[in-house]
Amino acid sequence: MTPTFRQAARKSAVAALSAAVGAGLLTAASVAAAPTAQAATTCGGTASIYGILPDGRLTFSSITPATGQLKKVRVGVDLGFEPKAMATLNFNTVLVTSTTGALYRLDVLTNNESLVLERPPVKTFDSGWTHDKLTYDGHGHLYGTAGGVLLQYLVSQPKPTGSAHIGQRKEIGSGFVLKTLTAAGDDRLLATTSAGALYSYRIAGDGSWDRDDLKASGWSGFDQVVSPGGGLYYGRIEATGAMYWYKDADPADGSGSDIAYHNDTPVNTGCWTQELLSAQPGTFACTTSADPLDGRDIPAVKAAGRDLMNKHDGGAWNSTTQWNCLEQLWDKESGWRYWADNPNSTAYGIPQALPGSKMDAFGDDWRTNPVTQIKWGLSYIDGQYDTPCGAWSHFLSHNWY
């Protein structure tokens with residue numbers, strides 16, 4: 001029962017998004033007048049999600065943050081026990097509880113071309129782990145709920161072997177009867193209720209906590225909500241297997257009014273059949289700079305673009321060949337102007353995102369911050385064409401990418 005995870009329903013939306021037009025279509029006014037840059041807040045990173053299918057097999061999914069497009073899915077072996085809750089510690093370590101109260105550690109050897117475990121699941125605890133929810137904040141704290149009680153544990157090793165590495169059990173509070181629970185940052189939790197409320201929790205060092213009510217309703221359809229950090233949220237609808245994505249411009253402000261809903265471009269309209277999902281924590285993040293790049297200095301913008309490209313995907317694109325492709329591509333698209341506004345469509349910015357508002361996933365300053373636009377563009381190219389040269393080749397054939 002291997003899921004296909006196809007995106008046929010999204011093809012037209014993705015094609016429309018990718019239809020960034022060629023050079024020569026920018027008006028003189030759009031080239032000459034650059035809007036004033038604001039304080040720079042840019043986001044970047046990846047979205048990686050582990051899951052477990054109803055038949056017990058482990059899955060790994062990678063999602064392009066720029067567009068919500070599903071990049072790849074890998075399906076692994078049957079774990080050999082009935083899982084109950086799961087939390088991802090890092091890129092190759094996942095914790096899973098069983099219905100009998102045991103806690104297992106999964107050591108992933110690779111999730112690239114295939115999903116392979118380095119060894120069979122390692123039982124780190126024989127009993128006592130009866131949690132119905134489990135999540136890791138990426139900063140040393142594992143959280144779980146059991147019987148409405150929220151518990152916190154300290155994880156001191158990337159591959160914990162037992163009580164020496166998972167301990168300091170702390171009862172945070174009772175009344176945590178939640179439908180979903182995920183970590184959204186350092187000691188910050190995101191949760192939904194059966195009634196559809198969306199909550200954000202902040203846990204203090206002494207174990208005290210407070211709650212922000214982000215939304216009073218509207219989130220009841222999701223049976224799984226996960227976050228790779230940076231205000232990026234993914235929700236799975238159990239009834240249809242659809243996966244939707246959302247971007248909170250400021251996940252620390254205690255307000256849900258700035259959450260952007262991308263319901264027009266879902267990750268999938270079906271096929272997410274996993275009973276459990278868990279995002280790798282802290283892989284998508286936002287930073288604010290008090291000294292933003294001068295976007296009108298095109299050589300400086302290109303230098304920043306090359307630096308970001310060289311670092312993308314662990315340096316996989318760090319070559320003169322890939323840079324030549326990217327430089328020519330965005331020379332044609334926008335002249336590397338962050339204010340490039342296509343008069344014949346809603347395409348905007350250095351990568352000519354269509355519409356420009358799609359770049360809000362990488363920062364609410366997408367209109368004026370070239371770094372935000374470049375990061376979005378690199379993520380988009382990665383998900384759609386694998387490399388800048390792949391995008392440039394498509395542009396040469398179609399005059400858009």
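Readers should treat all values here as calculations from the given coordinates under stated rules, not as data from a laboratory. These figures come from a predicted structure and were not determined experimentally. Positions of Cβ are backbone-derived with ideal geometry, glycine not excepted, and every protein chain shown enters the neighbour counts.
Modelled spin-label separation between residue 169 and residue 213, with each label point placed 7 Å from Cα along the Cα-to-Cβ direction: 3.3 nm. When the C-alpha to C-alpha distance is required to be over 32 Å, the pairs from 311/358; 71/170; 84/358; 123/215 that qualify are 71/170; 84/358; 123/215. The orientation-averaged projected area of the convex hull spanned by the Cα atoms of segment 212-358 comes to 11.6 nm². Computed from phi, the 3J(HN,Hα) profile of segment 343-360 under the Karplus parametrisation 6.51, -1.76, 1.60 (θ = phi - 60°) reads x, 9, 7, 9, 5, 8, x, 4, x, 6, 5, 10, x, x, 4, 4, 6, 4 Hz, with x in place of Gly and Pro. Measuring spread by the Cα atoms of segment 342-398 yields a radius of gyration and Dmax of 11.4, 33 Å. Across the options 279, 267, 300, the greatest Cα extent toward the positive end of the charge dipole of segment 248-335 (unit charges at beta carbon of Lys, Arg, Asp, Glu) belongs to 300. Listed as lacking a disulfide-compatible partner in the chain: 271, by the criterion of no other cysteine Cβ under 4.7 Å. Taking the alpha-carbon centroid of each part, what is the distance from segment 160-206 to segment 129-155 in angstrom? Cα centres, segment 160-206 to segment 129-155: 6 Å.
Our coupling estimate for segment 82-97, obtained by passing each phi through the Karplus curve with A = 6.51, B = -1.76, C = 1.60 and θ = phi - 60°, is 8, x, 10, 8, 8, 8, 8, 7, 7, 5, 9, 9, 10, 9, 9, 8 Hz, Gly and Pro reported as x. Taking only Cα atoms and a 10 Å spring cutoff, compute GNM fluctuations for the chain and point out the largest among 47, 304, 191. Sorting by GNM fluctuation, first place goes to 304.
Placing unit charges on each Cβ (+1 for Lys and Arg, -1 for Asp and Glu) gives segment 47-282 a dipole about its Cα centre, and among 122, 92, 204 the Cα reaching farthest toward its positive end belongs to 122. Residues whose amide H falls under 5 Å from that of residue 184, counting only those 5 or more places apart or on a different chain, are 189, 190, with hydrogens built in the peptide plane.
Remark on segment 210-258: ratio of C-alpha radius of gyration to 2.2 N^0.38 Å is 1.18.
Peptide packing: for 351-360, 107-116, the average count of neighbouring Cβ atoms within 10 Å per residue gives the ranking 351-360, 107-116, highest mean first. Partner aspartates and glutamates whose Cα lies under 14 Å from the Cα of residue 179, excluding those fewer than 8 positions away in the same chain, are identified as 132, 223, 238, 275. Amide H contacts under 5 Å for residue 68: none, restricted to partners 5 or more places along the chain or on a different chain, H placed in the peptide plane at 1.01 Å from N. Under 25 °C and 0.890 mPa s, how fast does segment 47-282 diffuse according to Stokes-Einstein, given a Kirkwood radius computed over C-alpha pairs? Answer in µm²/s, whole number. Reported coefficient: 139 µm²/s. D by Stokes-Einstein for segment 272-401, Kirkwood Rh over Cα pairs, 4 °C, 1.567 mPa s: 84 µm²/s. Give the distance, in whole Å, between the Cα centre of segment 253-306 and the Cα centre of segment 54-93. That distance is 21 Å. Summarising the amide proton neighbourhood of residue 108: residues at separation of 5 or more, or on other chains, whose placed amide H is nearer than 5 Å comprise 93, 94, 118. Percent of Cα-Cα pairs more than 14 Å apart in segment 61-143, please. Within segment 61-143, distances greater than 14 Å cover 67 percent of Cα pairs.
Charges were assigned to the Cβ only: +1 to each Lys and Arg, -1 to each Asp and Glu. The resulting dipole of the chain about its Cα centre is roughly 660 debye.
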